[in-house]
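Before any comments, here is the structure.
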């Protein structure tokens with residue numbers, strides 16, 4: 001658009017006005033850039049002076065020093081004797097752990113609620129609307145504190161609630177049964193993952209061939225063999241045990257199983273419910289953006305409702321849904337930094353503790369920025385790739 | 001889909017006219033169409049009615065039936081006895097002054113109350129489409145000065161109250177309103193800069209917007225509380241609230257710039273060409289022709305951004321500024337009232353909800369108006 005506006009101006013016969021405009025452009029750019037550089041230089045020289053007064057050395061050497069900060073909820077081996085670098089990595093793992101699981105759960109819940117809002121059942125659609133309205137209009141931090149207080153108000157481990165067998169909810173957090181993580185189990189899981197990928201490849205092949213000759217091909221027998229048969233064979237061959245470790249109450253706490261700390265669980269619930277309200281609105285408007293004629297035409301062909309939704313409406317709705325969905329995923333990841341309010345140690349919380357202990361403010365903030373900009377870039381790249389894949393291919 | 005009335009009409013005897021159909025008939029028709037149209041729908045309805053009734057009963061039992069509304073002094077024994085069974089609403093009348101106004105001198109609290117009313121009046125005035133004129137800018141300037149006078153005092157016989165005594169709802173509104181009042185012009189300038197054909201200016205604006213939008217607000221606030229003092233010369237110390245305010249302005253500026261840029265993109269290029277043909281300068285072209293159209297395009301998303309921003313002010317809790325959420329959290333540190341945080345959080349959530357709900361309703365109304373235009 002900018003070239004369009006400058007186009008006619010540039011073609012003017014008078015050389016003088018052209019050079020004048022160009023000179024003005026260079027002048028203003030010079031002024032703005034010069035001003036920016038001056039401000040940055042001024043801030044930087046202040047910082048250097050202030051740091052030398054406070055005897056804080058700049059640079060990332062502090063990362064090699066002993067951190068001395070306890071991290072209660074670490075998924076990789078960590079002790080306070082480890083270095084700051086290791087603490088940062090633990091924080092990064094914690095951030096990724098909350099963000100990835102949160103994104104998956106929020107997408108599922110949000111899609112269900114978005115579809116529920118369009119339901120012909122009045123009660124269901126009203127309830128979904130109330131859910132969306134209430135969760136969107138209360139600050140996330142308040143919701144997080146609220147969930148955390150509720151978690152703390154739960155009974156002690158001794159009197160834990162058991163909603164389903166083997167799952168315990170108490171003020172120590174949520175305890176789930178888990179499979180033993182050993183080499184054999186990982187091999188089997190790996191085989192199943194390869195089977196899943198192979199099935200996806202096969203499905204694309206089948207669809208491509210069907211579009212050539214028109215005969216549909218059955219996928220599920222192959223998928224069953226690849227995803228269930230092969231892993232079962234590997235499991236049997238290696239003699240892997242699949243005894244599920246059910247948590248048991250010993251003394252004041254649970255032993256065995258997978259424990260989600262109250263902080264993690266409260267943060268997860270808050271992020272998932274809050275983001276799902278936004279995702280529900282995106283899904284709803286995406287489905288509504290598909291013209292009614294598409295439904296009518298598909299129904300006129302005698303197709304089933306579920307088939308129409310899956311193969312005709314959803315692919316078109318996804319084109320509207322994906323771009324705003326990307327920004328919701330980014331929001332969820334950034335909002336996970338509210339962890340600091342309940343004491344779940346994510347990267348921001350660790351950086352903040354580091355900053356208070358060492359005074360390395362600039363370096364700590366720079367690390368946060370690098371991490372989040374990388375995550376944002378990663379999510380954007382993935383979603384752009386997905387968006388390009390589902391985009392309308394015009395012939 | 002057949003309408004409920006249509007389906008009903010077929011089964012009625014022909015002698016009976018439409019007008020004589022009773023209210024209960026219509027209600028049954030409505031129920032049939034909207035709750036019990038098919039077997040799955042009926043199952044869902046019954047299940048939801050059951051769950052809803054159960055939730056309502058237990059909420060009424062906790063919130064009203066078993067609730068305690070007042071206790072003498074700080075004697076919360078009665079409240080603690082029914083903990084988990086009934087709410088202790090007595091915490092609200094006991095603490096609401098602190099939650100709303102923080103540590104502002106008690107007998108002077110009519111001043112922040114008046115400031116809050118001024119804010120609300122300002123919002124109401126600004127929401128009227130017919131009042132979107134130049135005078136509105138003047139009204140904003142006056143109102144913000146009045147609010148400053150009320151909060152600080154020191155003139156007209158008002159005693160001076162320093163910034164660190166401010167707290168509660170006025171602080172939340174100050175952070176949100178001033179953040180927007182300064183972030184909005186900044187957003188406009190940056191949006192124009194991002195669409196400028198001067199590469200240096202464009203890349204500076206892109207850098208600013210992407211850096212601010214790429215990191216969490218929490219880290220910006222940490223920056224404001226820890227790094228600002230580091231970057232300023234010795235002895236030049238600005239207040240914590242003001243530092244957070246600056247962070248909010250920068251944050252709002254980046255997000256608003258993106259919204260406004262969307263509006264700028266929606267203005268057809270013919271408008272630029274026509275303005276150029278009239279010989280308007282860059283600033284006159286944008287100020288008189290482009291921006292009025294661009295901003296009109298994005299009013300609903302702008303209001304949504306304002307709403308998100310209003311909620312985001314609660315994050316100052318993390319750097320210890322006494323906004324509405326922080327005062328609420330502090331109010332229940334008091335040992336006597338420690339275990340009644342749920343009640344306090346519900347009270348505060350209601351305040352946030354009233355403001356946010358009004359804003360989201362308003363944005364939806366603007367959207368339907370924009371569609372019908």
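The Cα-based radius of gyration of segment A:180-243, divided by its Kirkwood radius, gives an Rg/Rh of 1.16.
Helical content alone sets the calculated 222 nm signal of the protein assembly as shown at -22000 deg cm²/dmol, taking -39,500 (n - 2.57) per DSSP H segment of four or more residues and averaging over every residue. Placing one equal scatterer on every Cα of segment B:106-372 and applying the Debye formula, the log10 ratio I(q)/I(0) at q = 0.07, 0.14, 0.17 Å⁻¹ is -0.30, -1.12, -1.49. Residue by residue along A:140-149, Cβ atoms of other protein chains within 10 Å of the local Cβ number 6 on average. When the Gaussian network model of chain A links Cα atoms closer than 10 Å, the mean-square fluctuations of A:375, A:362, A:189 top out at A:189.
Short-range pairs are left out: with C-alpha atoms under 8 Å and at least six residues apart, the relative contact order of segment A:297-395 is 30 percent.
The mean number of partner chain beta-carbon atoms within 10 angstrom of a residue's beta-carbon across peptide A:374-381 is 1. Here the residues B:70, A:259, B:172, ranked from fewest to most Cβ neighbours within 10 Å of their Cβ, fall in the order B:70, A:259, B:172.
With coordinates expressed along the principal axes, the C-alpha atoms belonging to the protein assembly as shown extend over 75, 75, 73 Å, beginning with the largest. Legend: ranking of residues B:359, A:69 from fewest to most surrounding C-beta atoms inside 10 Å; resulting order A:69, B:359. Three principal axis extents describe the C-alpha atoms of segment B:277-373; from largest down they are 73, 32, 11 Å.
Equivalent ellipsoid of segment B:251-293: semi-axes from √(5λ) of the C-alpha gyration tensor, largest first, are 22, 11, 6 Å.
Residue order for B:210, A:363, fewest other beta carbons within 10 angstrom first, comes to B:210, A:363. Mean per-residue shielding of peptide A:323-333 is 1, counting Cβ atoms of other chains within 10 Å of each Cβ.
When the convex hull of its Cα atoms is viewed from all sides, chain A shows a mean projected area of 31.5 nm². Within the listed set B:331, B:274, B:139, the Gaussian network model of chain B (springs between alpha-carbon atoms below 10 Å) gives the highest mean-square fluctuation for B:274.
Bear in mind these aren't lab numbers, they're just calculated from the coordinates by the rules spelled out. Bear in mind the structure is a predicted one, so any value in this text is a computation, not a measurement. Don't worry about glycine lacking a Cβ; one is built from the backbone with ideal geometry, like all the others, and counts go over all protein chains shown.
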